[in-house]
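Working notes for the structure below.
The values are calculated or read from the model by the stated rules, or taken from the named source; none is laboratory data. As the structure is a computational prediction, the values presented were derived from the model and not from experiment. As a convention, Cβ positions derive from the backbone with ideal geometry for all residues, glycine included, and neighbour counts pool all protein chains shown. For the accessible areas, the whole protein counts, side chains as well, though only heavy atoms, and no ligand, DNA or RNA atoms are used. Shrake-Rupley method; radii C 1.70, N 1.55, O 1.52, S 1.80 Å.
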Amino acid sequence: MNTEHRYTKQQVIDLLEACLEKTLGEIDKNKVFDRTKTNPKITGIAGDVIEQSVFGYPANNDSNPDLIIDEIPTELKTTGIKLSAKKKGFYEAKEPMSITGVSPDNIINEEFNNSRFWHKLEHLLFVYYLYSSNKPVLAAEYANFLFKGYQFVEFDEADVKVLEKDWLTVRDFIISLNKNEKLYPEISHLRDKLLYIDTSPKWPNKPRFRLKRSVVTNIVQQHFNGKLEQLPKNYSSYSEIDKKCHDLTVQYKGKTVLELMATFGIDSKINKGISEQIIVKMFGGLSKKMNQIELFNKIGLYGKSIVLTPKGKRTEDMKLFRIDFDEISYNISHFEDSSFHDYFSGMQILCIVFEEKNKADFGSNVFMGFKRIAFSDEFIELNVQSVWERINKLVIYNELKDIPVINKKTGKPKVNKTGTIQSAPNFPKSSEGVIFVRGDSSDSTKKPECVNGIKMYRQYIWIKGSYLSELLARVDYL
C-alpha cells in the first residue's frame, strides 16, 4: 500500500471534523463531480469524493483495506443515511452495505480469520452523508448532500461470532456444491439462515457479501441516537434463537395471555400489541417493542401474534408496513431497489401462536408456541412485485381513483356512523391476491394521506390470513 494511504488516527479525525455539515460539493476540492458532466448516472460518487478530495488518493479496485491508520489496515465505507419514517429524529441506512465478492474458487480454501470477507470487516471507518431526497437522483445532485459524521467501527466478540457463523454457512454451502455451477443460484436461499449478512445480486451475476440494511441501520442509530437494550444472553445464529423459542414453548405452552402477563409482570391494555411485550419478556428484556432490543433490531426480526382457531385457521389478516408514496411517486425503475423488496427480503417474522378460545376475549387465548417465517425469492417475485408494479402504475399514470364501497345486499354505497360515504382507492384488494393494500385509521372522519389529490387513510401492505394459516401449517413449531 502506498505511503500516502497512511495516517494517524488524529490526522483522520482532523480531516473528517473539517467536513462536518458541509455538502459533498463543498468538500470536493479535487473536482470529482466534474465526471458527472459526461457520466450523469455514475455510481459511487460520494465515496469517490471522500477518497479523492478528503484523503487524497485515486479510486482503485484493490481488494485490500483502503487506509492504514496507526499501522492498522482500515476499510473506508462511505454510506448514505436518511431520516427514518418510523422513528422521528432517527436515521437509518439508505441501503445494505457491500463488503466483498463471493468467489467460489477462493472461499473454499479460506478460513474465516484469513478470509477476504473478514479482512474487509475487521477494522472499519464509516463516513456518513445525508441522502436528503425522497427520489433517486443523478450523480451530480449528490453535491447537495451534507456530510453528517464518521465512526470507527470494530465488531465486538459477540458480533464477530455471528459474522463468522454467517460466513461459514455460505462457505460450507459452496463447498457442498462441489463446483457444480448449476446449483450456485441456490445461494440466495440461505437468507433465512443468515443473521447479519446476505448476498446480492443473484447468479448468474456475480454476488457480493453485504451487511444487511438492518445491521447498518443499527450501527447508524447507535452512533447518532444511542444504544438499544441488550438481552441478558447473546445469540449468534438463528438456530440458537430457535432453541430458545423451543425451550420457552416447553415451559409456557398452554398458558393464556392473561396468565403470561401475570407471570412476567406486564400491566398493560390487553390487545394484539401485548404479544410483542410477552416475547421480549420471555427473552429477558424490559422493552415493550422488539425493535427496541438491539439483537432483534439489528437482524430485522419482527414479532407478530398469530391467533388460530381450534381447527388451525387464521382469524384475521396481518398488517405489515406503511406505503411510502414519496418513493412510489418518483418511479423507482427497479423493483429490487424498492422498500417493498427490502422489507420482504430483509426481514423475518417470529410468530407467537395462540389458539383462540373466545373471539371477544384476547386474554383467554392459549399460547401454543413459536414459528419463524421468511419470504422466499419465489414468493416475492410472484406475490409482491406485481402489487408494487400495480401501485406504481396507478400513481404514476394518474389512474388512481376513489371508489365508493358498495353494500352487497342493497347495492348502495355504505355509510359510516358519522354519515360519511365509505370509499377506498382502487389499490389491489384482498380478493385479488395474497398481498394487498388496506387503509387504516383510528378516526374514520380523518384521511391524512393525500395521493394525486385523493384524500385517504394511511395505506398499509397486508398479507392475507388464509395464506398465513396455510404457510404456518407447513412450518414446524420451533
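Points worth noting:
- Candidates 82, 135, 94, 148 - the one that is out of contact with any strand residue (DSSP E or B) (no Cβ under 9 Å at 6 or more places or on another chain) and under 29 Å from residue 327 (Cα atoms): 135
- Verdict on residue 372 being under 19 Å from the mean Cα position of the chain (by Cα), basic (Lys, Arg) and outside any loop (DSSP other than H, G, I, E, B): yes
- Close pairs (8 angstrom Cβ cut-off, 6 or more residues apart or separate chains): within 22 Å of residue 242 (Cβ to Cβ) and open to solvent by 10 Å² or more (accessible area, probe 1.4 Å) in region 373-384, β-branched (Val, Ile, Thr) and assigned to a helix (DSSP H, G or I) anywhere: none
- Cβ pairs under 9 Å, 6+ apart, first in region 253-268 and under 17 Å from residue 284 (Cα atoms) and in contact (Cβ under 8 Å) with a residue 24 or more places away in the chain, second acidic (Asp, Glu) and open to solvent by 80 Å² or more (accessible area, probe 1.4 Å): 261/267
- For residue 248, the conditions (1) modelled with pLDDT under 95; (2) open to solvent by less than 30 Å² (accessible area, probe 1.4 Å); (3) not polar (S, T, N, Q) are fulfilled apart from (1).
- One residue from 21, 95 being closer than 30 Å to residue 459 by Cα and not in a helix (DSSP H, G or I): 95
- Taking first residues from region 103-120 that are touching a residue at least 60 places away in the same chain (Cβ under 8 Å) and partners that are surrounded by 11 or more Cβ atoms within 10 Å (Cβ to Cβ) and of a type in the set (S, T, N, Q), the Cβ contacts under 8 Å between residues at least 6 apart in sequence or on separate chains come to 107/115; 117/100.
- Filter pass, residue 408 being surrounded by fewer than 17 Cβ atoms within 10 Å (Cβ to Cβ), of a type in the set (Lys, Arg), part of a helix (DSSP H, G or I) and free of Cβ contacts under 8 Å to residues at least 40 places away in the same chain: no
A quick yes/no check of all residues on (1) of a type in the set (Lys, Arg); (2) crowded, with 20+ Cβ neighbours inside 10 Å; (3) modelled with pLDDT under 95:
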residue	(1), (2), (3)
132	no, no, yes
160	no, no, no
168	no, no, no
171	yes, yes, no
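- Residue check for residue 179: touching a residue at least 60 places away in the same chain (Cβ under 8 Å), at positive phi and either part of a loop (DSSP other than H, G, I, E, B) or not basic (Lys, Arg) (or both): yes
- Yes/no for residue 45 being touching a strand residue (DSSP E or B) at 6+ places or on another chain (Cβ under 7 Å), surrounded by 15 or more Cβ atoms within 10 Å (Cβ to Cβ) and at pLDDT 90 or above: no
- Search result, residues across region 302-339 that are open to solvent by 60 Å² or more (accessible area, probe 1.4 Å), under 29 Å from residue 283 (Cβ atoms) and at pLDDT 75 or above: 302, 310, 316, 319, 322
- Residue match in region 278-285 (condition: open to solvent by 20 Å² or more (accessible area, probe 1.4 Å) and modelled with pLDDT of 90 or more): yes
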